[in-house]
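Q: To start, I am sharing the structure in question, which I have written as structure tokens.
Just so it is clear, none of the values below were taken in a lab; they were calculated from the coordinates. Note that the structure is a prediction, hence the values are computed from the model and not measured. So basically every Cβ, Gly included, is an ideal-geometry build from the backbone, and we count neighbours across all protein chains shown.
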């Protein structure tokens, strides 16, 4: 296939668009691959759509190869199935909802567990129809609060979602592993650098769950890994509870004046000045910080929650959100404080926290707060803190909540060494849903003994349009995009760099020969300067750039590798053969 | 590719689904190609999705071959561009509208003129970028008042829409003809019997317009054709105004008692009894019937409209809807009658109709009502009609409205002979939009003289998901579907009709050999009776059915042509070769 740039529906831009902050967004817009239609909603131009379809093809081939069967659901869906599973409400503002002309409630599908479950219930009635994996590549909708980075996090996007259906847990495990293997092949073929991490399943319910994260500084997901092979999404890191310590030598708790110490920093300074400790100075790690937030439940009810954690750590909002989902987190406001006078802002302590205490506010402790450990913490009076307050001796909490930030150097939960932090783009997510949806929607089949059993499910997603951005993010330089051959819109970018019949004729002949050899060619036949053509070739990012110019007089052309920048001269007589070999 | 029915995600039904009235709907559901998800909204199962993708491929190949470039727009669109062209309102209840979390207005795209126009405005600034044809194959949404017949008229459906952009009318004409030629190739490849008819462009605006209608008794479009080659959608038939006749011999109008004659039939009977005409009996064609409807305009305002037409014709609601679009038609209710006492139901006459008359109701006449012609019509009093009322002498109207039914035998407007009526499914629509959208959205480019000129556009659609139903409608029998080779989900349906290693081995070997030869095979390896397998094979409709059964002992298999029913025995040794030849 040969496409001429003189007729290609394309306009490249010299400047980055004003609303684009990350390289993939800047370059995909500048190179004329995508255009913004509304916040988080993009149109695909010819080059961009070709890349998207190439990604789709790779995903489809690998899903077919693992025996999954392709179906296609509507994006416009009735409310009822989502009501049955509670997700009509749980999705909150992230769901696009609408009414039809008769007032019926509909939604734009964010993910299709319900529909797949119901369809399988309609089609399959016996264990003989299982195991089954079905998938679709489809446009999905989420009304993100913060759409960002172009197609990296859009409100309309293309996803491959698949679902496995098995008669028992062993079957689910096998389906899960088959998807895992297919995903490895997909992301390998896309040329992505990625890591597989343990993940929380968030609002989806279920147990085993892993994410495929493409390494990227602009990624929204922070993950941790250890030298010993541990890797997890920060939301999934489970801090082991600290072992109980002996408190028999700890003096009785005593309240001290600590004037003007509403923050941990001021408290540590004052404690060291007014109440110095023998042996070692007080540090933030000796203090117990109590943070109050408001949980907003899907049914709209609000509930305050107190979190106690070592003063040298912050609450990680993403970990908190994941932990309390489907509830959402709101601030505990000044107004809220006024309603609970027992809470003395800056001096809140365990003395008033807990379901049985003065405030009645549920109080959950970071797992690092060992039973028997002693703390400096608020005394529930302005300018006062209590010292040597021992967990289990002087106070109790209502439970544990592991939502403190994970820090570089924290120990891996599996003992495989210190953790390091990195950022990634979530490209795939696989998890074992179990029977949540099958239970809610009544998906049962007859087993080999003629007994009705509930089916167990897995749910698996690949961000298809996001992959276009992730590949661009993964593979570009300051001049432009650098497409891996597997997804490049054209295999060869052929630049006519000069005028005259000899050069033009040689270029056209070469393009024709490459076309016949099955190589797709973007032929720059425009009447603009070679400089503009070279700049556009580098911006557009085809893997092989062929320059047909003055060298033709000497019987040579130039072949450039976009990724390495290597240039080589090739004899015109052998050009078609050599370029076809390279470009394949 | 070989797919085993033992693992295929499929359940065939013996009974027609309760909600299905037309054969394609019944068969596509029974054969497990589609399933209803909500009214007018369908899910595609593996076999159905394969057919859909085959249709898409044919459409894409022909669009690419004509030089159109593929893009892809969002389905979720902001209100503003549709507001600018007035279609946000004009679409009325047919548009799915919704709000995002910030309260912004969005719609689900029913067609994308605005978005294409704006994108071309962004990308193309000079005549050098034209002519340009761009297209997308995309999911579209219309909140149909009466979704029907499965995927024949759905609320979520797949369409190919393309748009041409030209600098002048000659260019538009060329782009239009290029699309017309591509559509002929597309529908020929789909194996459809179809006719190309002149069409109204309805709400779209614009001038030249044709529809591609697949011949079908279940089609919603009625069209007419003459032996002389005239063909038009009934909405598009323009009745030539009747020539003025000499009324000098017509007596003065006279009101007569016609008791109990609220209908044309009763009027004709009473007129012949009480007021017989010399020479010829009164017929319905001598009466002038006045029909009152209510127009509902896009802005919500309502307006009564009176239509005068010969009493032997009815108003054709589809012609009326097309003529008054973007307004819609409501009934003129009993309540409405009470508000206009001058209207005497059953006896309404021109005496009170017209913008200057007692009712003030706009009054439009059928073009058959010649100036000078005399009529029997209502005298605006109970039980009274006026005779010899002459158009142009005794009454005037506010204009002409050509919305009476077209009848078998009516003359073709171009004089090419009497019309015959037929029904069809609208498969494609092409038309010359002109500058309506370019004007509304400011799409101008520099011409060769450096002057800004407004671009002229064409708009072209193919119903892609509808084509699946149309092909099924076009090609089935009482046993099931009969797919043309170009769109069949599999080329060969291979039935293992018997037990034992010899038969199974021969079938598996044949399937493998066909797979290697590039033939797609649906292998019925289920443990069910041959009778069930044969019935399913006929229901599913692959073009070639191969039966491997007891004949294997004699070295033969049977090959059946699904369309013709022809059966032939083929030597097992030559089976792979022979079947591959047939199936290609």
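Q: One decimal, nm, shortest first: give the distances between the label point of residue B:452 and those of the same position in the other copies, each label point 7 Å from Cα along Cα→Cβ.
A: Taking the point 7 Å beyond Cα along Cα→Cβ, the inter-copy spacings are 7.0 nm.
Q: Quick check for you: which residues of segment A:52-80 have the amide N under 19 Å from the point 7 Å beyond the Cα of residue B:65 toward its beta carbon?
A: No residue qualifies, since no backbone N sits under 19 Å from the label point.
Q: Ranked by Cβ crowding within 10 angstrom, fewest neighbours first, how are A:7, B:3, B:263, B:301 ordered?
A: B:301, B:263, A:7, B:3
Q: Follow-up. I need A:516, B:264, A:348 ordered by Cβ neighbour count within 10 Å, fewest first.
A: A:516, B:264, A:348
Q: Quick one: label points 7 angstrom along Cα→Cβ at residue B:174, distances to the other copies in nm, smallest first?
A: Label-point separations across copies, in nm and ascending: 6.2.
Q: Angle between the Cα long axis of helix A:169-189 and the longest principal axis of chain A, 0 to 90 degrees, nearest 10?
A: Tilt relative to chain A: about 50 degrees.
Q: Turning to a different aspect of this structure: How far is the Cα center of segment A:519-584 from the Cα center of segment B:139-218, in Å?
A: First find each Cα centre; the distance between them is then 41 Å.
Q: Dimensions of segment A:490-583 along principal axes (Cα, Å, largest first)?
A: Here the Cα extents, ordered largest to smallest, are 29, 28, 21 Å.
Q: Arranged by the count of other C-beta atoms within 10 angstrom, fewest first, what order do A:128, B:384 take?
A: A:128, B:384
Q: Here's a follow-up. To the nearest 10 degrees, how steeply does helix A:530-540 sit against the main Cα axis of chain A, on a 0 to 90 scale?
A: That works out to roughly 40 degrees.
Q: Taking Cα centroids, how far is segment A:39-96 from segment B:27-94 in Å?
A: 15
Q: Can you show me the helix-derived [θ] at 222 nm for the protein assembly as shown, built from DSSP H runs with n ≥ 4 at -39,500 (n - 2.57) apiece and divided by the number of residues, rounded to the nearest 500.
A: -7500 deg cm²/dmol, from helical runs alone.
Q: Related question: In chain A, which residue puts its Cβ closest to the axis that turns chain A onto chain B, and how many whole Å away is it?
A: Closest Cβ on chain A to the axis mapping it onto B, in Å: A:98, 2.
Q: I would also like to ask the following. Which three lengths, in whole Å and largest first, does the protein assembly as shown cover when its Cα atoms are put on their principal axes?
A: Cα extents, longest axis first: 131, 80, 78 Å.
Q: What percent do you get for the relative contact order of segment A:490-583 when only Cα pairs under 8 Å and 6+ apart count?
A: Once divided by the residue count of segment A:490-583, the mean separation gives 33 percent.
Q: How far, in degrees from 0 to 90, does helix B:264-274 lean away from the longest principal axis of the Cα atoms of chain B, to the nearest 10?
A: With both axes taken from Cα atoms, the answer is about 40 degrees.
Q: What number, in percent, do you get for the relative contact order of chain B if the mean sequence gap of Cα pairs under 8 Å and at least 6 apart is divided by its residue count?
A: Taking the mean separation of contacting Cα pairs over the length of chain B, I get 18 percent.
Q: Here's something else I'd like to know. Between copies, how far does the label point of residue B:1 sit from its twins, in nm, shortest first, when each point is 7 Å from Cα along Cα→Cβ?
A: 1.8
Q: If you don't mind, another one. Over the whole of B:48-61, what's the average partner chain Cβ count within 10 Å per residue? Rounded to a whole number, please.
A: Taking the mean over all residues of the peptide, I get 1.
Q: Here is a follow-up. Express the Stokes-Einstein translational diffusion coefficient of chain A in µm² s⁻¹, to the nearest whole number, given a Kirkwood radius over alpha-carbon pairs, 10 °C and a viscosity of 1.306 mPa s.
A: This corresponds to a translational diffusion coefficient of 57 µm²/s.
Q: Give the average, rounded to an integer, of partner chain Cβ atoms located within 10 angstrom of each Cβ in A:33-42.
A: 5
Q: Given contacts defined as C-alpha pairs under 8 Å and at least six residues apart, what's the relative contact order of segment A:298-391, whole-number percent?
A: It rounds to 29 percent for segment A:298-391.
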